[in-house]
Structure formats: C-alpha cells, structure tokens
Amino acid sequence: MALLTPEDLKNINRQLQEADSAVLRVTGLDIKGVCKALYGTSPCSEKVGIVPVTSGNGIIGNFSASLHAITQYFGFDSFVTDMPDVSGYYEAVRNEAEIILMADDHTFLAHNLNNGKIANNQPCTGIIYAEIISRNLKTESKDVLVVGLGKVGFPGAAHFVHKGFRVYGYDADKALLEKTISNLGVIPFDPSNPRKFSMIFEATPCANTIPEAIISEDCVISTPGIPCAISEELRKKYNVQLVMEPLGIGTASMLYSVL
Ligand code: NAD
Ligand code: 2YH
C-alpha cells in the first residue's frame, strides 16, 4: 500500500493548475468540465469538513492542508477540523459539514451526509483518469494500454471497456492480469513483444514502467501513479502529453460523484 508523502504534495495549487492546463489541452475541457460531463453534477458551495486521521502511519504533513486547497479550488466551502479522528468527525458534523473527507492508510473517503452517497478515492481516481484519456481530441484510435490493474487501474480499465475502447492490459502480478482478462475481457499485453500506443493509462507505484518501445509520437499518458511512470527524457523525445497530479483530480472525482 503506497502512502503519499509531504514532498508529493508540495505546491499543490501549482500542481493542480498545471494538471488543469494539461487536461484542457488533451480534452478541450478543464477538470471541472470533465467531472461535470462524467457525473452530471456541479458544486454549489457545499460545506466540506476535512478530518485528519492519526491511525496507522498517522498524519501526513500537507495532506489535510492540500485537501483544503483542492476543495476551495473546485468551489467548495471547506474547513479542516482542529481535532483528529472521532473528535474531528464530531466537530465537522457540529459545524454543519455536508460532506466529510477523511483518510486512513487504506481508505480515503468522501461521504455526503445530506444524500448518503459515499465515494472511495481509488475507483474514483481510476475512473477520472480513464475518462480524461477517453476524451483525447488528438486521435481517433480506440486502442488504450492500461499498465497496473490494482485498486486504481482495474476500475480505470473497466471504465474504458464500458466506453467501448479496445483495452490492452499489463500487470506484473500474473494472477491479477488473469483476473482482469476473464472479468473485463481486456487483451493481455506482453512487454517482451511490444507495440506502440497513442494512449496509455498507468496506475502503479513504480517509476519507469513505460518503456520507449511502446510510446508513439504525441502519446497521451494519463497517470495517477506515483512516482512518474515515464522519464523526462522520453517525455521530451516523444512530445508526450502527460496528465499527472498526486491528489486533486481524484479528490474532485470523489466529490462530484457524491453530489
Ligand atoms: P495497487 O497496489 O492496488 O495496484 C498497483 C498495481 O501495480 C499492482 O497490481 C502491481 O502488481 C502493479 N505493478 C507494480 N509494478 C508494476 C510494473 N512495473 N509494471 C506493471 N504493473 C506493476 O495500488 P493502487 O491503489 O491501485 O495505486 C496505484 C498507484 O496510484 C499508487 O502509486 C498510488 O499511490 C497512486 N494513487 C494516486 C492517486 C492520485 O490521486 N494521483 C490516487 C490513488 C492512488
Ligand atoms: O494516502 C493514503 C492511502 N494511500 C489511502 C488513499 C488511497 N489512495 N492515505 C492518506 C492518509 C492521511 C492521514 N491519515 C492524514 O493525514 O489524515
């Protein structure tokens, strides 16, 4: 299980603005526009209570502050509770939070107390990063490669299948790859027999998972995976359009999904 670090979340506003520009270049919509198109919802300054959680590995520096910045960026009226854990939850509800955001080491959730809807960060992240690439204006191709078929990658792959893409999948874990082939009908990708893709979705916790042999010129790579899946050198060489951001795009997807 990969945990965020304070370093990943440095300058979150700048990271979010850069990601928004990249999403706009790839899709013609900004992140808000993609979320609205995906879920058919828009925020109306809902009050979001962000509750720090100390269990397991404890508080991650910059995590709650980043959620505060992200929620404000997307038009929510948010606050971070003074107290963590159960006391923080109580404080959030007493201060009239309509949506609760909180995360332990395994689950990051958004819970709308008005309508009962609840969202988990991993599938919401997979779905929004897949939606972004599915809206790629640059190619008519319906072929997409998904690298990493875990808790983020599998829902992403399922979203592509649902949208009618021809989905190729690869995971270092053979059992997981087999499960995805039989459950979703994805086509297994063999890295020892590579071909080029113009759209790649990556969701692994490893660096350099996208080798040169599979990248076509102007390729769009949509990757929530941390660290980055592609080297700076390859990115420049193939003029790769990279959509990558550590927390905000997935959080926006969660929030829009519970409105
Ligand atoms: P996971 O452990 O459930 O899945 C990761 C998968 O990647 C595993 O199935 C693993 O076998 C596979 N993998 C590892 N190395 C590989 C390689 N070299 N080639 C192919 N497959 C490989 O993890 P997850 O919850 O799906 O998260 C994936 C990544 O996304 C993590 O880095 C996580 O921190 C990140 N994440 C980012 C955001 C965001 O908002 N940017 C949100 C959630 C998760
Ligand atoms: O980063 C995480 C886990 N990987 C779960 C999220 C799924 N992508 N959790 C954040 C923990 C935050 C901490 N408890 C805090 O500061 O409140």
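Got at least one residue in region 133-145 being under 27 Å from N11 (Cβ atoms) and assigned to a helix (DSSP H, G or I)?
Within region 133-145 (the criterion being under 27 Å from N11 (Cβ atoms) and assigned to a helix (DSSP H, G or I)), the answer is yes, since at least one residue qualifies.
What are the residues in region 1-14 that are within 16 Å of ligand 2 (Cβ to nearest atom) and not β-branched (V, I, T), if any?
M1, A2, L3, L4, P6, E7, D8, L9, K10
For region 86-109, give me each residue that is of a type outside the set (D, E) and surrounded by 19 or more Cβ atoms within 10 Å (Cβ to Cβ).
If the condition is that a residue be of a type outside the set (D, E) and surrounded by 19 or more Cβ atoms within 10 Å (Cβ to Cβ), then G88, Y89, A92, A97, I99, I100, L101, M102, A103, F108 are the ones that fit.
Out of N112, N136, which single residue is surrounded by 14 or more Cβ atoms within 10 Å (Cβ to Cβ), closer than 20 Å to T251 by Cβ and in contact with a strand residue (DSSP E or B) (Cβ under 9 Å, 6 or more places away or on another chain)?
Exactly one of N112, N136 is surrounded by 14 or more Cβ atoms within 10 Å (Cβ to Cβ), closer than 20 Å to T251 by Cβ and in contact with a strand residue (DSSP E or B) (Cβ under 9 Å, 6 or more places away or on another chain), namely N112.
State whether the residues of region 181-195 include one that is surrounded by 14 or more Cβ atoms within 10 Å (Cβ to Cβ), within 15 Å of ligand 1 (Cβ to nearest atom) and within 20 Å of V26 (Cα to Cα).
Looking for residues that are surrounded by 14 or more Cβ atoms within 10 Å (Cβ to Cβ), within 15 Å of ligand 1 (Cβ to nearest atom) and within 20 Å of V26 (Cα to Cα), one finds none in region 181-195, hence no.
Where in region 30-109 are there strands (runs of 3 or more DSSP E), lying wholly inside it, with at least 3 residues that are modelled with pLDDT of 95 or more and away from ligand 2 (no atom under 14 Å from the Cβ)?
77-80
Of the residues F160, F165, F197, F201, only one is more than 27 Å from K32 (Cβ to Cβ) and among the hydrophobic types (A, V, I, L, M, F, W, C); which?
Going through F160, F165, F197, F201 in turn, just one is more than 27 Å from K32 (Cβ to Cβ) and among the hydrophobic types (A, V, I, L, M, F, W, C): F197.
Looking at V26 and the list (1) closer than 30 Å to N239 by Cα; (2) surrounded by fewer than 20 Cβ atoms within 10 Å (Cβ to Cβ); (3) out of contact with any Gly (no Cβ under 9 Å at 6 or more places or on another chain), which single condition is not satisfied?
V26 satisfies all of (1) closer than 30 Å to N239 by Cα; (2) surrounded by fewer than 20 Cβ atoms within 10 Å (Cβ to Cβ); (3) out of contact with any Gly (no Cβ under 9 Å at 6 or more places or on another chain) except (2).
Go through region 101-121 and count every residue that is touching a helix residue (DSSP H, G or I) at 6+ places or on another chain (Cβ under 8 Å), without any contact (Cβ under 8 Å) to a residue 60 or more places away in the chain and not hydrophobic (A, V, I, L, M, F, W, C).
Total satisfying the criteria: 1.
The values are calculated or read from the model by the stated rules, or taken from the named source; none is laboratory data. None of these values were measured; they are calculated from a predicted model. Glycine gets a Cβ as well: all are built from the backbone with ideal geometry, and neighbour counts include every protein chain shown.
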